[in-house]
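**Q** Sharing a structure, written as structure tokens. Questions coming.
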Amino acid sequence: MSAIVATSEEDPALAVIRFTAELSWADAGPEVAETQVSELCMEAEEFMFRSRWLDLVSLILTSADLITSRVSEKDLECIFTVTCNLVTRANTPDEALEMAKLISSKVVQQPTDRPALRLKILFNLYNLLENSYSRFFVYKKALDLAASGKVAESIIPSFKNIDSFLQEWNIGKIDQRELFRSISNILKDNKSMAKDSFAFLTRYLATFSGAGEDAYTMNEAKEEAVQAIIEFVKSPDIFQCDLFDMPAVAQLEKDGKYALVYQLLKIFVTQRLDAYLDFHAANSTLLKSYGLVHEDCITKMRLMSLLDLSSHESGEIPYSLIRDTLRITDDEVEYWVVKAITSKQLDCKMDQLNQVVIVSRHTERLFGLSQWENLRLKLGAWRRNIANGISTIQANKVSEGLQGMQGLAIR
């Protein structure tokens, strides 16, 4: 089988054109093939001479498109490696972006054909680009390929660097919105990463500020807002969210189709088990339609109700109040307290003699603007206390020094 071989004097791009042209026209007979190959090579040389790199990339990709399914993985990688390297010759950042768009669009065209290799090609292209937006564009294409080609495991490790990428790319709100949604969808298919998927879905919803957003734009977030609420309710280990104050979610409150879903969120973040049981009695069919299991919801609401008690009972919760609020027996009280401790939602001690739970720390179910304000006040008080403590220590040191000097003077 033929392979790409560049002579010491031939540009690699010209070698790729020659290789792809010869393979494309191989069945047409030697005379026709020789003419066509010669014409393509002359056209490529003209583009190179005039530094028309975008046109050269287009020529290579058009020729390569005809033989992609017929070449080995090694040759395909070689073709795209040479093509990707042409972005380093671009005359302007805009030209490099257009070249990157051409290459990446061609790479993702057949996502199920050697997807791991195609993803590798996109990563190579990403690293060759200098313009920040061009890099973002290629990364977004890589996300699409990873999802369609089912090679998400190759791109998931990069998600931990998204915040540093965002600083580098400096992209706008709409691009961030699409990025967060794509990442969330990729992670959603991986059951072990449900919390990470929910976190990126929340970040997607947070890009809708409400202020200045037209009705159409806000409307496009409704499905994802509902999805976020259902994921939060379903999750056995997510007990805190800030969905409630988000405009993208709050719009559901008066929505004819989704108002009950919003009401369900309100119950889970601000109310107790009895409110959920009343809701279920009236809307059991709705809950089933979203795949929610009643017993699992009760389990979560018992823990959420216990958190609510922790925030309202001045640090001490009588066993009897826990029993009545969670609708359990006396013998089950300590089981549910331990369950809250093991899920890291409570730090507390159980005073069995006095039948009270003494809470030292609890998770806030809802973490919105008021919670941030409380945190700000607590941090301010903590800073003042630290400053006062430092001042007291310094004053004591000065006092001790003066006393020592007086003692020496007396002697």
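The values are calculated or read from the model by the stated rules, or taken from the named source; none is laboratory data. Keep in mind the model is a prediction, meaning the values are calculated, not measured. Here the Cβ is made from the backbone with ideal geometry for all residues, glycine too, and neighbour counts use every protein chain on show. SASA here: full protein model, heavy atoms, side chains in, ligands and nucleic acids out. Shrake-Rupley method; radii C 1.70, N 1.55, O 1.52, S 1.80 Å.
**Q** Residue by residue through the range 33-64, note down the ones that are within 40 Å of the chain's Cα centre (by Cα), open to solvent by less than 20 Å² (accessible area, probe 1.4 Å) and closer than 19 Å to Glu22 by Cβ.
**A** Passing the criteria: Leu56, Ile60, Leu61, Ser63, Ala64.
**Q** So for the range 154-169 (the condition being charged (D, E, K, R) and either closer than 22 Å to Leu102 by Cα or in contact with an Asp or Glu (Cβ under 9 Å, 6 or more places away or on another chain) (or both)), does at least one residue qualify? Walk me through it before giving the result.
**A** Of the range 154-169, the ones charged (D, E, K, R) are 160, 163, 168.
If we keep only those that are either closer than 22 Å to Leu102 by Cα or in contact with an Asp or Glu (Cβ under 9 Å, 6 or more places away or on another chain) (or both) too, we end up with none.
No - not one qualifying residue is present in the range 154-169.
**Q** Can I ask one more? Here are Ile341, Ile317, Ile298, Ile267: which of them is within 25 Å of Glu223 (Cβ to Cβ), without any contact (Cβ under 8 Å) to a residue 60 or more places away in the chain and among the β-branched types (Val, Ile, Thr)? Give the steps one after another, and end with the answer.
**A** Working: Ile341 fails: within 25 Å of Glu223 (Cβ to Cβ); Ile317 fails: within 25 Å of Glu223 (Cβ to Cβ); Ile298 fails: within 25 Å of Glu223 (Cβ to Cβ).
That would be Ile267, the only listed residue that is within 25 Å of Glu223 (Cβ to Cβ), without any contact (Cβ under 8 Å) to a residue 60 or more places away in the chain and among the β-branched types (Val, Ile, Thr).
**Q** Given the conditions (1) small (Gly, Ala, Ser); (2) more than 16 Å from Val233 (Cα to Cα); (3) open to solvent by 70 Å² or more (accessible area, probe 1.4 Å), and given that Ser320 satisfies all but one, which numbered condition is not satisfied?
**A** That leaves (3) as the condition not met.
**Q** (1) among the polar types (S, T, N, Q); (2) closer than 17 Å to Ser235 by Cα; (3) surrounded by 15 or more Cβ atoms within 10 Å (Cβ to Cβ): which one isn't true of Asn283, the others all being true?
**A** Single failed check for Asn283: (2).
**Q** Can you list the helices (runs of 4 or more DSSP H) lying wholly within the range 47-130 that have 2 or more residues being over 28 Å from Ala152 (Cα atoms) and modelled with pLDDT under 95?
**A** It comes to 53-65.
**Q** Another question, if that's okay. For the range 205-265, list the helices (runs of 4 or more DSSP H) that sit wholly inside it and hold at least 1 residues that are open to solvent by less than 80 Å² (accessible area, probe 1.4 Å), of a type outside the set (Asp, Glu) and over 28 Å from Thr299 (Cα atoms); which are they? Give the derivation first.
**A** Numbers: elements: 215-219, 222-234, 247-250.
Here the list reads 215-219, 247-250.
**Q** Still on this model: Mind checking whether some residue in the range 287-295 is open to solvent by less than 40 Å² (accessible area, probe 1.4 Å), of a type outside the set (Phe, Trp, Tyr) and within 19 Å of Asp347 (Cα to Cα)?
**A** no
**Q** Being open to solvent by 20 Å² or more (accessible area, probe 1.4 Å) and modelled with pLDDT of 70 or more is the filter here, so list the residues in the range 4-26 that pass it.
**A** Within the range 4-26, the subset open to solvent by 20 Å² or more (accessible area, probe 1.4 Å) is 4-12, 18, 22-26.
Result: Glu10, Asp11, Pro12, Arg18, Glu22, Leu23, Ser24, Trp25.
**Q** Could you list all residues from the range 89-101 that are open to solvent by 30 Å² or more (accessible area, probe 1.4 Å), in contact (Cβ under 8 Å) with a residue 40 or more places away in the chain and out of contact with any Leu (no Cβ under 6 Å at 6 or more places or on another chain)?
**A** Hits for the range 89-101 are Asn91, Pro93.
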